[in-house]
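In what follows, a structure is listed as structure tokens, so that the remarks can point back to it.
The values are calculated or read from the model by the stated rules, or taken from the named source; none is laboratory data. Fair warning: this is a prediction, and the values are worked out from it, not measured in the lab. Glycine gets a Cβ as well: all are built from the backbone with ideal geometry, and neighbour counts include every protein chain shown.
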Amino acid sequence: MPGTGETYTSWATRRGAAPPGAAPALLYPDLFHDHFYPATLRAAHRVLERLGYRVLLPPEPPPSIRTLLRGGLVGPAERQARRTFARLGPWLDEGVPVVAVDPGTVAVFRDDPAGLLPADRRTRRARRCFRGFAAFLAERGLDRLPRVRGRALLAVPDAGRDGEREATRSVLRRLGLGVETLGGDPAAAVRRAGAGALVVGSGFGPRKALERATGHEILHLADVVDLAFDRTAGTADARNGACRSEGELSRASVGLTVAALLLAGGVLRAWRR
């Protein structure tokens, strides 16, 4: 279950760096995903590597600055933000993209709504370097994504200047999925969709709240793309064998992708580990 087992940062450190030569991208392991959804960060790591990037990590796991802000601790939040920002400085100075699976992390460092960061050149550069996972793929990876078939329910809030919901929708469609955006009461829509539905969300808080309200596992876009890569890689290796072709990746009656099929079978977590 989330919150148990190995953190992403431990896994990534043990795994080692990708061979040099590829373009670098720094994957920002926010505290909550690192501990409660490490599989999502592992999926994002694998996807970035499959797109040809050499995945880098910060020198140490960063603190949760948003938690300090929500508690009204602006002074400690500012100190932690500037400390983290300074440690990312060498990569920002080189224009290395910093990719986060959590939209709140992007907001802290890219939009800086609380005014925590100094008004200098590095801060301006951070606004160009920091990207949410969906926005990064929409800008730099659409032409290299695999193709599957199926239907996804999109439960991503329409917030932030990163355009995350629209970017997520674009990536899902590029994968070959039909997308229905959930509005109003997303929990009710997820319950009506049933246990086999593929539901895509983001943000630790909204994702966890929707899971608690529905008992349904909510996948991040990184999880879906990683599974699509896995499936299409297997298909390419055995076109005439046991693996199915692209046209057979969905269950005809409800149009599920392979990710939803695995979810319905209760084996998603075991496979992802």
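Observations on the structure shown:
- Exactly one residue out of ASP143, ASP120 is surrounded by fewer than 15 Cβ atoms within 10 Å (Cβ to Cβ) and either of a type in the set (Lys, Arg) or touching a helix residue (DSSP H, G or I) at 6+ places or on another chain (Cβ under 9 Å) (or both): that is ASP143.
- Criterion applied to THR9, THR40, THR4 was being at pLDDT 95 or above and either out of contact with any Lys or Arg (no Cβ under 7 Å at 6 or more places or on another chain) or surrounded by fewer than 24 Cβ atoms within 10 Å (Cβ to Cβ) (or both), and the one residue passing it is THR40.
- All of PRO19, PRO76, PRO61 fail the test of being in contact with an Asp or Glu (Cβ under 7 Å, 6 or more places away or on another chain), at pLDDT below 85 and surrounded by fewer than 19 Cβ atoms within 10 Å (Cβ to Cβ), apart from PRO61.
- Whichever residue in the stretch 163-178 is within 10 Å of VAL148 (Cα to Cα) and not charged (D, E, K, R) and, among such residues, is surrounded by the fewest Cβ atoms within 10 Å (Cβ to Cβ): GLY176
- Among the candidates VAL179, VAL225, VAL171, the residue that is under 12 Å from ALA152 (Cβ atoms), out of contact with any Phe, Trp or Tyr (no Cβ under 7 Å at 6 or more places or on another chain), modelled with pLDDT of 95 or more and assigned to a strand (DSSP E or B) is uniquely VAL179.
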